[in-house]
């Protein structure tokens, strides 16, 4: 019976397959196989023993069921895997399984393989999302809308600006994953306290060969564990990604509010139900789920940081914690990226409401432009500001348009003609370098893929 929502509600099959029991077991068997192969190449163990270990280091022979049976007796997961592998090896090959290694050599190295697979999926989905956002930026670069600061109408901007800003940020998140992967996905075969003592003079060679066989970079130095600063960095990167996705989803949620209703999630009225009691509801449930789950991902940053300071050469306090936070962070991050793909692939724009809201303040949003144009005409900047502020306050108090007030102001019309005022008060022509900056992002993005 399923208990955790990841088992039945949240997560993707691809990421779930990486962190499920059999794949984790297979990765640990892969490390044991690489260890025996490296040791055979250095004549530490017999080559035929290594070949037998490698042939049997598979979940076809070493089953999760058998490992669990042994662990019920030994109360040690890696020792159980070692025994299960040894007992299926023929002749005396089983005697050489795990020679010179400690449990965390197998755990940390196999986790690096899981991280590599996870990061590949995360990068692939983020890249797909980035392409969608870039396309939206291009399509909407001239789609003028009201910009808001502090929740208040500020100045005109374009929807293309919103999307281009997000695209630039998503690109940075992909770069962070790449950079983190270099430090995180490392191999380790250094023994009980990191000195490789059990392997003698060939210790470092074994360590390097195992990593090479597995396609990993060997860790430069370790104690019993790969140091957890890189693991904490990875969780922080996932939290950062979640924060970006929440930012994007939160904007859509706000813009879908009844009072704004500019952009929103698609809704199928033939099938979808918004409320069990209110028949009219069409809620932003995808965006809300992204925001909600991002909180869980970010919450794992604190325990990830606390896993770094361990006693002496290592204690066990990180282990139980990581069994939860590592797979869940990967699965939940992957899930909200997929939700974001759904959200932004199916956005609904409402041009009439975008235009309505752009003009909602009856021209007050153009006050800065009036001030700037008066300054260009020779009026001092501070004087211009004070003059336009009086006009704006008057328009707001009387509930009339700013254009009407400034057109009747002798102090303004002394410098600006009616034709110039008409141009100045058009919000569609006051977007500065927005289109150019969007085009710059689009041009730069050609180097991202």
Relative contact order computed over the chain (Cα-Cα under 8 Å; 6+ residues apart), in percent: 17
Whole-Å semi-axes of the chain's equivalent ellipsoid (Cα gyration tensor): 61, 24, 17
Report the label-to-label distance for residue 368 and residue 120 in nanometres (one decimal), using points 7 Å from each Cα along the Cα→Cβ vector. 4.7
Gain in length, residue 288 to residue 410, computed as 0.36 nm per residue apart minus the alpha-carbon separation, to one decimal in nm? 38.8 nm
0 to 90° range, to nearest 10: angle between helix 159-184 axis and the chain longest Cα axis: 20
Label-point separation in nm, residue 172 to residue 142, each point 7 Å along Cα→Cβ: 3.0
Over region 370-449, one equal point on each Cα, no solvent: what is log10 I(q)/I(0) by the Debye formula at q = 0.19, 0.21 Å⁻¹? -0.81, -0.94
Order by protection proxy (mean Cβ within 10 Å, highest first), peptides 133-139, 90-96, 417-423: 133-139, 90-96, 417-423
Apply 1/(1 + (r/R0)^6) to the Cβ-Cβ distance of residue 433 and residue 68, taking R0 = 45 Å, and write down the FRET efficiency to the nearest 0.05. 0.10
Where in region 208-234 does the label zone of residue 305 land, with the point 7 angstrom along Cα→C-beta and an amide N cut-off under 20 Å? 227-234
If the chain between residue 389 and residue 47 were fully extended at 0.36 nm per residue, the gain over the current Cα-Cα distance would be 114.5 nm
Pull out a ≥ b ≥ c, the square roots of the eigenvalues of the alpha-carbon gyration tensor of region 99-158, then state rounded if a/c is under 1.5, prolate if not and a/b is larger than b/c, and oblate in the remaining case. oblate
For region 297-383, calculate the relative contact order in percent as a whole number, restricting contacts to Cα pairs under 8 Å that are 6 or more residues apart. 20
Here the gain from full extension of residue 150 to residue 360, 0.36 nm per residue of separation minus their alpha-carbon distance, amounts to 73.9 nm
Under a crude label model (7 Å from the Cα following the beta-carbon direction), how far is residue 22 from residue 204 in nanometres? 4.2
Going by how many other Cβ atoms sit within 10 Å of their own, how do 32, 328 line up, fewest first? 328, 32
If I fit a long axis through the Cα atoms of helix 229-255 and take the longest principal axis of the Cα atoms of the chain, what angle between them do I get, 0 to 90°, rounded to 10? 30
Using Cα pairs closer than 8 Å and at least 6 residues apart in sequence, work out the relative contact order for region 360-449, in percent. 30
As a check on your grasp of the helix formula, calculate [θ] at 222 nm for the chain: sum -39500 (n - 2.57) over DSSP H runs of n ≥ 4, divide by the residue count, round to the nearest 500. -20000 deg cm²/dmol
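Every number here is computed from the coordinates shown, using simple stated rules; none is lab data. All values reported here derive from a predicted model rather than from experimental measurement. Positions of Cβ are backbone-derived with ideal geometry, glycine not excepted, and every protein chain shown enters the neighbour counts.
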